[in-house]
Amino acid sequence: MSQPSNRVFSGVQPTGNLHLGNYLGAIKRFVSLQESHECIYCVVDLHAITVAQDPQELATNTREVASAFIAAGVNPKEHIIFNQSQVSGHAELAWIFNCVARMGWLNRMTQFKEKAGKNRENASVGLFSYPTLMASDILLYRATHVPVGDDQKQHLELTRDISAKFNNDFGEQIRNLQHGDAYFPMTEPLIEGPATRIMSLRDGSKKMSKSDPSDLSRINLTDDADTIAKKIRKAKSDSDALPETMEDLKTRAEANNLIGIYAALAETTKEDVLKEFGGKEFSVLKPALADLAVEKLSPINNEMKRLLDAPGDVDAILRDGSDRARVIAEETIKEVKDIIGFIS
Ligand code: TYM
């Protein structure tokens, strides 16, 4: 198989509470990449079980993420939407990468430290080796570009390290089997735009997250119009007028966050939003932002509800996507086995 030149892969965990950060940092950007790239979008259920999940909720959350992809505008016929556990190559390649990656590399992963917290001894082995599974997700399809939020940057650097070490360790065999000088690509992270790190609406120094105990800290993709407007009205602000320059904006966490959300929803830049709102009060920005958020998110919310009322249809889309993903995955696994020296 020749190396694709413009293949996008990305994944979202089915762990509930899909929020505006997931949408603006990732899912919305999945949609626009469809024009220029061959796209594979995955509901990463194998990643979800690195922490305990209720089986019924896991299935519901898996359908919810798939519905969000579709409702946001990903076309599952022209591109691929699937859930990870239906393609066994992810787990197979992850094992091989567990033998390529070094303990020292994984020990440096900040997300493991955050997620495991103080009780590291009690974290699952899967939570520790999570980044090698993520590398396998991407490299199983030899994806060239990965759109993600800023919090995934370190994992993508590790993916590149794994790719480089594999290409180097097996260089001779890769050349002998006519795969050129490198089998796996140096995948490029796509971390760009005004919304790579959306912050909590209650605390501009904390990332908006699924696990924040305060529901007011985030806008969920399942929130109705009234709830969205209420959460924006209650968002933390300060008593000064909104800054007029990008320099000043950087020192004002809450203002920076709301301006970034506005820019991403309106598909413009923070600079442009400042031209309109700079020097004005938060009380002018907030109602405008609430209207914009409702206008952009309500259609997605409605479409998600419609899709979730027909779970059989969503399951069929995931099955079809998995069948097509598996064809690509099996080819990679076969070639990797040949490179390593496994008899197949
Ligand atoms: P996950 O499920 O935590 O988040 C899904 C996507 O949403 C982005 N994101 C944010 N972006 C901006 N602001 C925020 N506050 C915010 N919170 C989350 C994440 O960066 C991500 O892009 N490890 C990944 C899932 C994964 C993956 C992959 C991604 C597994 N395999 C392969 C890309 C490629 C994760 O836990 O994302």
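When only residues in the stretch 30-58 that are closer than 11 Å to Val74 by Cβ and touching a Pro at 6+ places or on another chain (Cβ under 7 Å) count, which is least open to solvent (accessible area, probe 1.4 Å)? Checked the stretch 30-58; the qualifying residue least open to solvent (accessible area, probe 1.4 Å) is Phe30.
Condition check ((1) under 28 Å from Asn168 (Cβ atoms); (2) touching a Lys or Arg at 6+ places or on another chain (Cβ under 7 Å); (3) without any contact (Cβ under 8 Å) to a residue 60 or more places away in the chain; (4) part of a helix (DSSP H, G or I)) across all residues:
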residue: Lys296; (1), (2), (3), (4): no, no, yes, yes
residue: Ile300; (1), (2), (3), (4): no, no, no, yes
residue: Ile317; (1), (2), (3), (4): no, no, no, yes
residue: Val327; (1), (2), (3), (4): no, no, yes, yes
residue: Lys334; (1), (2), (3), (4): yes, no, yes, yes
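Please tell me if Ala66 is more than 10 Å from the ligand (Cβ to nearest atom), out of contact with any strand residue (DSSP E or B) (no Cβ under 6 Å at 6 or more places or on another chain) and part of a helix (DSSP H, G or I). Taking the combined requirement at face value, the residue does not satisfy it.
Summed over the stretch 1-26, residues that are touching a Gly at 6+ places or on another chain (Cβ under 9 Å) and either open to solvent by less than 30 Å² (accessible area, probe 1.4 Å) or within 7 Å of the ligand (Cβ to nearest atom) (or both) total 5. Of the residues making up the stretch 208-225, those that are within 11 Å of the ligand (Cβ to nearest atom) and surrounded by fewer than 18 Cβ atoms within 10 Å (Cβ to Cβ) are Ser209, Lys210, Ser211. In the stretch 96-115, the residues that are open to solvent by less than 20 Å² (accessible area, probe 1.4 Å) form Cβ pairs under 6 Å with partners that are within 16 Å of the ligand (Cβ to nearest atom), at six or more places apart or across chains, as follows: Phe97/Thr132; Phe97/Ala135; Phe97/Ser136; Phe97/Ile162; Val100/Ile162; Ala101/Thr132; Ala101/Ile162; Met109/Pro131. Screening Gly278 with (1) open to solvent by 10 Å² or more (accessible area, probe 1.4 Å); (2) in contact with a helix residue (DSSP H, G or I) (Cβ under 8 Å, 6 or more places away or on another chain); (3) not aromatic (Phe, Trp, Tyr) gives one miss only, at (2). Could you list, ordered by first residue, the pairs with Cβ atoms under 9 Å in which the first is in the stretch 7-29 and closer than 18 Å to Tyr141 by Cβ and the second is among the aromatic types (Phe, Trp, Tyr) and within 8 Å of the ligand (Cβ to nearest atom), at least 6 apart or interchain? Cβ pairs passing all conditions: none.
Among all positions in the stretch 186-194, there is at least one residue which is away from the ligand (no atom under 14 Å from the Cβ) and not hydroxyl-bearing (Ser, Thr, Tyr).
The set of residues in the stretch 111-135 that are modelled with pLDDT of 95 or more, within 13 Å of the ligand (Cβ to nearest atom) and over 15 Å from the mean Cα position of the chain (by Cα) comprises Phe112, Gly126, Leu127, Ser129, Thr132. Just for the stretch 294-344: of the residues that are under 23 Å from the mean Cα position of the chain (by Cα) and of a type in the set (Gly, Ala, Ser), which one is most open to solvent (accessible area, probe 1.4 Å)? Across the stretch 294-344, the extreme among qualifying residues is Ala316.
Regarding Gly180, is this residue surrounded by fewer than 19 Cβ atoms within 10 Å (Cβ to Cβ), of a type outside the set (Lys, Arg) and either in contact (Cβ under 8 Å) with a residue 40 or more places away in the chain or away from the ligand (no atom under 12 Å from the Cβ) (or both)? Against the criterion (surrounded by fewer than 19 Cβ atoms within 10 Å (Cβ to Cβ), of a type outside the set (Lys, Arg) and either in contact (Cβ under 8 Å) with a residue 40 or more places away in the chain or away from the ligand (no atom under 12 Å from the Cβ) (or both)), Gly180 qualifies. Of the listed requirements (1) at pLDDT 95 or above; (2) more than 16 Å from the ligand (Cβ to nearest atom), Ser239 misses just one: (1). Tell me, please, whether a residue that is more than 16 Å from the ligand (Cβ to nearest atom) and free of Cβ contacts under 8 Å to residues at least 40 places away in the same chain can be found in the stretch 146-159. No; the residues of the stretch 146-159 include none that is more than 16 Å from the ligand (Cβ to nearest atom) and free of Cβ contacts under 8 Å to residues at least 40 places away in the same chain.
The values are calculated or read from the model by the stated rules, or taken from the named source; none is laboratory data. Not measured: the values here are computed from a predicted model. Here the Cβ is made from the backbone with ideal geometry for all residues, glycine too, and neighbour counts use every protein chain on show. Ligands, DNA and RNA are excluded from the accessible area calculation, which covers all protein heavy atoms including side chains. Shrake-Rupley method; radii C 1.70, N 1.55, O 1.52, S 1.80 Å.
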